[in-house]
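Got a structure here, written out as structure tokens. Questions coming.
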């Protein structure tokens with residue numbers, strides 16, 4: 001028996017084939033400074049029509065993250081944006097980003113602050129790679145860094161190399177994980193945003209703060225301290241470069 005498709009169904013099937021053929025990169029988009037700059041880089045390299053973004057709800061206490069990610073995806077005009085629920089995470093671990101009863105702090109002698117979400121990037125990259133394969137994309141962008149970071153194990157270059165190898169074996173797909181900021185300071189990242197013409201977007205339309213305050217944030221949590229220190233260093237460097245030279 002031959003199945004007949006309606007005109008709408010035929011169009012949808014054609015669009016799906018085009019999406020799979022044309023997609024080049026998938027960006028893990030949290031709505032923060034790093035992922036937003038990654039999105040800008042991916043769009044600049046491949047074009048918005050060839051880039052998709054993926055955002056995760058993993059039980060974080062600030063739903064605003066998802067809202068900011070949606071706005072950024074719309075602003076940059078990416079071809080697709082998927083929000084994926086990982087609500088099971090609460091059954092596995094607890095931390096200051098997923099529970100309001102855990103204070104945000106860096107305990108004396110601890111390797112990481114209480115905001116570490118164990119294995120988060122491993123889950124994110126696996127899910128992103130599975131979707132990327134379905135789209136025909138081979139490049140994954142993530143904003144992790146071991147230059148200016150809070151000591152999270154899954155932000156290290158060694159982890160990314162291992163994760164990339166695992167994904168290639170698990171999916172039999174030539175996944176490439178791109179980490180533009182792995183060895184870049186926050187100050188250099190701000191300078192990059194300026195060169196990309198998105199400085200105002202990163203300043204005002206991203207959410208990095210662990211307390212859920214957009215833009216400059218609370219100024220006290222580890223994420224805000226890293227972000228604001230980098231911004232101050234960026235501005236100081238610009239000020240020095242603008243000074244007139246004395247012969």
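Where a number appears in this text, it was derived from the coordinates with a stated rule and is not lab data. In this text the structure is predicted, and so the values were computed from the model without any measurement. With ideal geometry, Cβ positions are generated from the backbone for all residues, glycine too; neighbour counts draw on all protein chains shown.
Hey, what angle do you get for helix 33-46 against the long axis of the chain, alpha-carbon based, 0 to 90 degrees rounded to 10?
50 degrees
Based on the alpha-carbon gyration tensor of the stretch 16-242 and its eigenvalue square roots a ≥ b ≥ c, which shape applies: rounded if a/c is under 1.5, prolate if not and a/b is larger than b/c, or oblate?
Oblate shape, in that a/c is at least 1.5 and b/c is the bigger or equal ratio.
Return the FRET efficiency for the residue pair residue 240, residue 82: r is the Cβ-Cβ distance, R0 is 41 Å, and the value is rounded to the nearest 0.05.
It comes to 0.45.
Would you work out the relative contact order for the chain, in percent, from Cα pairs under 8 angstrom that are 6 or more residues apart?
18 percent
Return the FRET efficiency for the residue pair residue 62, residue 105: r is the Cβ-Cβ distance, R0 is 22 Å, and the value is rounded to the nearest 0.05. Intermediate results must be reported in sequence, preceding the final value.
Values: r = 17 Å, r/R0 = 0.79.
The calculated FRET efficiency here is 0.80.
Rounded, prolate or oblate, given the Cα gyration tensor of the stretch 144-218, with a/c below 1.5 counting as rounded?
Details: a/c = 2.21, a/b = 1.88, b/c = 1.18.
It comes out prolate by the Cα gyration axes.
Once both axes come from the Cα atoms, what is the angle between helix 222-242 and the longest principal axis of the chain, in degrees from 0 to 90, rounded to 10?
Rounded to the nearest ten degrees, it is 70.
Expressed as an acute angle from 0 to 90° and rounded to the nearest 10, what is the orientation of the C-alpha long axis of helix 186-196 relative to the principal long axis of the chain?
Helix 186-196 sits at roughly 60 degrees to that axis.
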